[in-house]
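For reference, the structure is listed below as structure tokens.
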Amino acid sequence: MDTKVRGTLEMTAAMGISGTIGWFVIASRQPVIDVVFWRCVFGAGTLLAVCAALGLLPRLRSPRLVGIAALGGMAIVANWLLLFAAYSRASISVATAVYNTQPFMLVGLGALFFGERFTLTKLTWLSLAFAGVLLIVQAKPDGGSDAAIIGAHYFSGIALAFGAAFCYAVAAAITKKLAGTPPHLIALIQVCVGIVMLAPFAHLMHLPSIAGGEGLRTWAILAVAGVVHTGLVYILLYGAIQKLPTHLTGSLSFIYPVVAITVDFLAFGHRLHPIQLAGVAAILLAAAGMNLGWSPWQILERARAARAIR
């Protein structure tokens, strides 16, 4: 199979799987801390096996590697906690859309700490994303059996999604210091940090019983969230990144929010208002423009040219 085709399939699978994580979080009916803790436990087991098979474990002797990756791990774990908590408050759709403001937060951190330029083009995309967020918060999602609960905590959910995006940007900025380090190893350190961070707070004395069908279902959901959504997704994602050009990787990454919004509608009946759909589209367009290096002025010129032809 052609390398580019294989990378495209891997990236598509990784983003498609990632888009379903919201269903597993809600369906587990477990506290967010427990979901993230067991995701780290099962994910660590999977990534440990992968890193051992690839002969990467000796690199853990580097204090610098472990220290920097551990800092990033704290941010990643905080990111999961905040994002998962946002799902039940603002809906998976809205939380995912707001979460996709992360590229702009990363640009802001780059300008503050790495001396990266904040260009007019980036500012334009940022303004479009901000406008999208304003559209989203104008109205609450319709439908769904828990619409009343979501309504009561809607704005706190949006705030949590913003916090998750910021934590992800922090983790990404920290990980830049580990250029050249196998990403599977970085991920292993991060989930191990998550285990240590959350073990004191997880409800380990009140585990789901394996005696009944409901308990087995819960454990199956938690295992999938760790083995598949963490271990397998990391393997597919980083395998794809090594095979694909940056612009194609950026394009395929938008499969994730599309799948998440679709799953939210099909599984929970959450429907967005037209104005919120416009806001989601604005955020995703702005994030695509930022990730893929598009110029908003060129897009406008092409739109004018297309209208002129008609």
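The values are calculated or read from the model by the stated rules, or taken from the named source; none is laboratory data. Everything numeric here is computed off the predicted structure, so don't read it as measured data. Note: ideal-geometry Cβ built from the backbone for every residue, glycine included; neighbour counts use all protein chains shown.
Per-structure values
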| item | result |
| --- | --- |
| The one condition in (1) in a loop (DSSP other than H, G, I, E, B); (2) closer than 29 Å to Gly213 by Cα; (3) among the small types (Gly, Ala, Ser) that Gly55 fails to fulfil | (2) |
| Filter result for the condition that a residue is assigned to a helix (DSSP H, G or I), closer than 24 Å to Trp38 by Cα and at pLDDT 85 or above, over Ala131, Ala159, Ala202, Ala169 | Ala169 |
| Residue among Val137, Val107, Val94 that alone is crowded, with 22+ Cβ neighbours inside 10 Å and within 24 Å of Ile158 (Cα to Cα) | Val94 |
| Test: residue in the range 183-197 that is farther than 16 Å from Cys40 by Cβ and either of a type outside the set (Phe, Trp, Tyr) or in contact (Cβ under 8 Å) with a residue 40 or more places away in the chain (or both) | yes |
| Sole residue being modelled with pLDDT of 90 or more and within 16 Å of the chain's Cα centre (by Cα), chosen from Val196, Val233, Val224 | Val233 |
| Residues of the range 1-52 that turn out to be assigned to a helix (DSSP H, G or I), among the hydrophobic types (A, V, I, L, M, F, W, C) and either without any contact (Cβ under 8 Å) to a residue 60 or more places away in the chain or more than 25 Å from His203 (Cα to Cα) (or both), as a count | 12 |
| Matching residues in the range 103-116 - criterion: being in contact (Cβ under 8 Å) with a residue 12 or more places away in the chain and assigned to a helix (DSSP H, G or I) | Pro103, Phe104, Met105, Leu106, Val107, Gly108, Leu109, Gly110, Phe113 |
| Answer residue from the range 210-260, given it is in contact (Cβ under 8 Å) with a residue 60 or more places away in the chain, in a helix (DSSP H, G or I) and among the polar types (S, T, N, Q) and is farthest from Ala44 (Cα to Cα) among those | Thr249 |
| Subset of the range 58-102 (residues that are in contact (Cβ under 8 Å) with a residue 12 or more places away in the chain, of a type in the set (S, T, N, Q) and more than 17 Å from His270 (Cα to Cα)) | Asn79, Asn100, Thr101, Gln102 |
| Some residue of the range 139-147 being of a type in the set (A, V, I, L, M, F, W, C), out of contact with any Cys (no Cβ under 9 Å at 6 or more places or on another chain) and modelled with pLDDT under 85 | yes |
| Residues located in the range 205-221, provided they are of a type in the set (D, E, K, R) and modelled with pLDDT under 90 | Glu214 |
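Here is a yes/no grid of residues against (1) loosely packed, with under 15 Cβ neighbours inside 10 Å; (2) on the phi > 0 side of the Ramachandran plot:
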residue: Gly180; (1), (2): yes, yes
residue: Met197; (1), (2): no, no
residue: His203; (1), (2): yes, no
residue: Ile235; (1), (2): no, no
residue: Tyr238; (1), (2): no, no
residue: Ile241; (1), (2): no, no
